[in-house]
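Heads up, the thing below is written out as structure tokens.
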Amino acid sequence: MTNFKTCNNGHNYDAGKYAVCPFCPVNNVNSDYEQTMKEFKRTQLLNDPNDNQFDKTMINEETKDLKTTLSGGGSGSATQNPLSRTTIVNRSDSKSETVIDQTVKRKIVGWLVTFSIDDYGQDFKLFVGKNRIGSGKNCDILINDSSVSGEHATILFREDEFLIKDNFSTNGTKINGVTTDEGKLKDGDELRLGNTVFKIKTVF
């Protein structure tokens, strides 16, 4: 029966095969490193009665040239402890790196098209529900125009209708040249926010 012990340096080893810890540098001058590492792989790392410790911990061993790697990084005869080259990574850490996309997809119901910003034209999608328009970073439709307020207006698509509300903007909102605080939009309407003019195109 295997008899595992733990040395003063915290290494687990088979006491039935070794009188002293084979992993401590002072004890392994004449030991076979390849055999030592094979034994190390079989060493129980966790006190787990279900013997499923490797479901919790995975080991990435850097075994390249263990015999000649020096603890000081230069030439000489002192050999580096192979345990100091072992990296242990908890699988629970890798799970925490999983990114879950919680973005709710919404149906496209129309577009705002403008030539005020770019001579070649620029279009913005309109979705079901609220569409906040302005120069602020939190807006759904971001307009690079100093005459447009941070959250200038909101377009709402509900029950097959486009509704717009001005959010107390500085330079106002106009539908087909008429200033409005609230109103309805339909396909082909001209919408002006500050100095930016849009045409609305609807899917329905």
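The values are calculated or read from the model by the stated rules, or taken from the named source; none is laboratory data. Remember, predicted model here, so these are calculated numbers, not experimental data. Because the Cβ atoms are built from the backbone with ideal geometry, glycine has one as well, and the counts that use them run over all protein chains shown. We work out accessible area using only protein heavy atoms, side chains counted, and drop any ligands, DNA or RNA first. Shrake-Rupley method; radii C 1.70, N 1.55, O 1.52, S 1.80 Å.
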(message) Expected output is a single nm value to one decimal: the length gained when fully extending between Thr6 and Lys107, i.e. 0.36 nm times separation in residues minus the C-alpha distance. What is it?
(response) 30.1 nm
(request) Could you sort out which of Lys130/Lys201; Lys165/Lys199; Lys137/Lys186 sit more than 21 Å apart by Cα distance in this structure? (result) Lys137/Lys186
(request) Could you please tell me the mean projected area of the C-alpha convex hull for region 158-200, averaged over all directions and given in square nanometres to one decimal? (result) 2.9
(request) Once you have the Cα-Cα distance between Lys184 and Asp118, take 0.36 nm times their residue separation minus that, and quote the gain in nm to one decimal. (result) 21.1 nm
(message) Which order do the peptides 15-21, 137-143, 150-156 come out in when sorted by mean C-beta neighbours inside 10 angstrom, highest first?
(response) 150-156, 137-143, 15-21
(request) Whole number please: convex hull volume per residue, Cα atoms of region 124-201, in Å³. (result) 78
(request) Give me the accessible area per residue for region 139-204, probe 1.4 Å, as a whole number in Å². (result) 57
